[in-house]
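Asks: Dropping the structure in here first, questions after.
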Amino acid sequence: MISQADRLRGSWVDGIIFLFVIGYLTMGRSFAYIGWAPVFIGEVGLGSILIARYSALIGTWLTALTRPTPLSAAAWMTFAWAFYGALTAWRGYAAGHDLMVILKLAVLHTYPFFLFVGVWVGVRRPNFLATAMSWLAWIVGIYGVVYCFVLQPANLGQVSASAEVTLWGQPYGPAVALLGMLCFEPRLRPMWLPLTMNSLALLALQVRASWFGLMCAIGLWAVLKGQVTRVFALALVVAGLLAVGIATDLSVPTPGRRGGELSAKAVVAQVVAPVSSSLADELTGGQHSKEVYAGTVNFRFMFWEALWHNVHSRVSWTLFGTGYGYPIWDLGPTMPKEAPELRSPHNVFMNCLSYGGWCGVLLFYLFQATLVAVLWRVYRQTGQVFGLCYIAMINVWALFDPLLGSPMGAIPYYCLLGLAMAPALSHAREHDETREHDTIDEGNTED
């Protein structure tokens with residue numbers, strides 16, 4: 001049993017996890033850059049927990065390493081993934097690559113430790129995840145609408161023309177908030193306002209990777225909850241609304257760098273442009289589709305192809321990658337040579353392959369598989385599907401975005417997964433206590 005004193009001592013850690021989930025998913029890059037480079041708020045938070053609340057991070061991890069628990073496989077794969085990251089960073093440093101770039105890339109292996117903090121909080125606060133998702137729905141919904149339709153169009157919060165980070169960052173959380181409402185709210189009708197606001201923000205931001213990830217998550221939710229027919233009917237309704245929007249040609253202005261308007265035609269054009277740029281041109285009158293809708297996808301596929309050929313040009317690179325810090329930006333088909341900030345290929349698979357080779361790819365997906373195993377156990381024990389749907393959404397999203405190599409994507413990802421995995425540990429403890437109690441009772445009966 002967890003004592004009241006332990007709950008009180010853990011309250012500030014709960015606050016950090018809540019702040020990180022809400023902050024990163026709401027303000028994204030702007031929240032991540034609170035601090036002094038190269039030490040930002042995520043690193044400060046993790047270091048504070050490590051120093052002041054050792055048991056929340058290392059204690060939870062070491063317990064899973066040294067005792068058979070539902071988290072043991074995930075704990076060992078976290079160790080293997082972190083160790084391989086250190087080796088990949090060392091190889092890059094030994095090759096003479098820039099140390100700062102190496103450290104920024106290696107966070108792909110350090111942020112997973114937030115998983116164990118999330119588990120620690122979730123065991124002590126069983127309702128913490130549902131409460132956080134409820135707050136997220138409202139906060140991200142309000143901020144997302146204000147950002148898309150007021151702050152960004154008016155360039156409010158732009159510190160300077162050359163500033164790397166704006167005062168008001170782009171939200172990452174509308175898709176996560178929508179999934180949370182679907183999984184935790186017994187009735188969606190009372191939540192119509194945050195549901196509408198997050199849907200508007202999701203469409204207005206025009207990040208196709210988040211759309212695809214959310215669609216996969218909803219499809220998995222439908223299968224696990226036996227709601228395939230209802231989701232199919234909802235898809236038909238959405239298709240009908242898009243058809244009406246295309247016929248009426250309604251549109252409103254949105255953040256200009258991704259098309260400049262929110263309309264049914266723009267949404268459909270973004271989806272079909274990678275497959276048929278001519279159809280996208282027809283829908284948008286030839287505006288934006290080639291430069292923004294299809295151009296981004298075409299560039300990335302050419303970049304990934306160049307990375308594929310590069311990593312397979314040597315046997316050692318094929319197995320173990322080029323090492324962190326290798327200038328992959330020089331391989332971009334039209335990328336300026338003076339742009340080292342594009343150190344990520346915007347694809348977690350290609351990122352692991354380029355820097356860590358096929359060994360890196362194998363370790364990463366084995367690690368994710370151990371997390372899926374725990375979340376599947378939670379689903380079988382409690383019926384809660386959020387964890388499985390969320391890990392599916394983010395892993396699809398990360399195939400088109402540098403999500404898991406950035407603090408605004410990876411930190412809330414591992415925090416929320418830890419919270420979602422906590423019931424597996426709680427059920428295991430209850431089972432052990434029950435067995436111990438039954439053993440004592442049997443002993444007393446024999447006496």
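Asks: Cut-off is 10 Å between beta-carbons; in what order do I139, I49 appear when sorted fewest neighbours first?
Replies: Values: I139 19, I49 23.
By the 10 Å Cβ count, ascending: I139, I49.
Asks: Ranking S30, S313 by Cβ neighbours within 10 Å, fewest first, what do you get? Present the calculation step by step, with values, prior to reporting the outcome.
Replies: Details: S30 19, S313 10.
Ranking S30, S313 by Cβ neighbours within 10 Å, fewest first, gives S313, S30.
Asks: Still on this model: Based on the mean of other Cβ atoms within 10 Å per residue, sort peptides 349-357, 378-386, 194-202 so the most packed one is first. Before the final figure, lay out each step's value.
Replies: Values: 349-357: 24.9, 378-386: 17.3, 194-202: 21.6.
Top to bottom by mean Cβ count within 10 Å: 349-357, 194-202, 378-386.
Asks: Between the stretch 190-221 and the stretch 377-423, what is the separation of their alpha carbon centroids in Å?
Replies: What the calculation gives is 16 Å, centre to centre.
Asks: Suppose each label sits 7 Å from its Cα in the direction of the beta carbon; what would the V44-V228 distance come out to in nanometres?
Replies: So the two model labels end up 5.0 nm from each other.
Asks: List, largest first, the extents of the alpha carbons of the stretch 50-179 along their principal axes, each in whole Å.
Replies: Largest first, the stretch 50-179 extends 54, 48, 28 Å along its Cα principal axes.
Asks: Right, another one. What is the spin-label model distance, in nm, from W76 to F299 if the labels are put 7 Å beyond Cα along the C-beta direction?
Replies: So the two model labels end up 4.4 nm from each other.
Asks: Could you please rank Y24, Y390, placing first whichever residue has the fewest other Cβ atoms within 10 Å of its Cβ?
Replies: Details: Y24 28, Y390 24.
Arranged by neighbour count, lowest to highest, Y24, Y390 become Y390, Y24.
Values in this text are rule-based calculations from the coordinates and carry no lab data. Note that this is a predicted model, so its numbers are computed, not measured. A quick note on method: Cβ atoms are made from the backbone with ideal geometry, for glycine too, and the neighbour counts reach across all protein chains shown.
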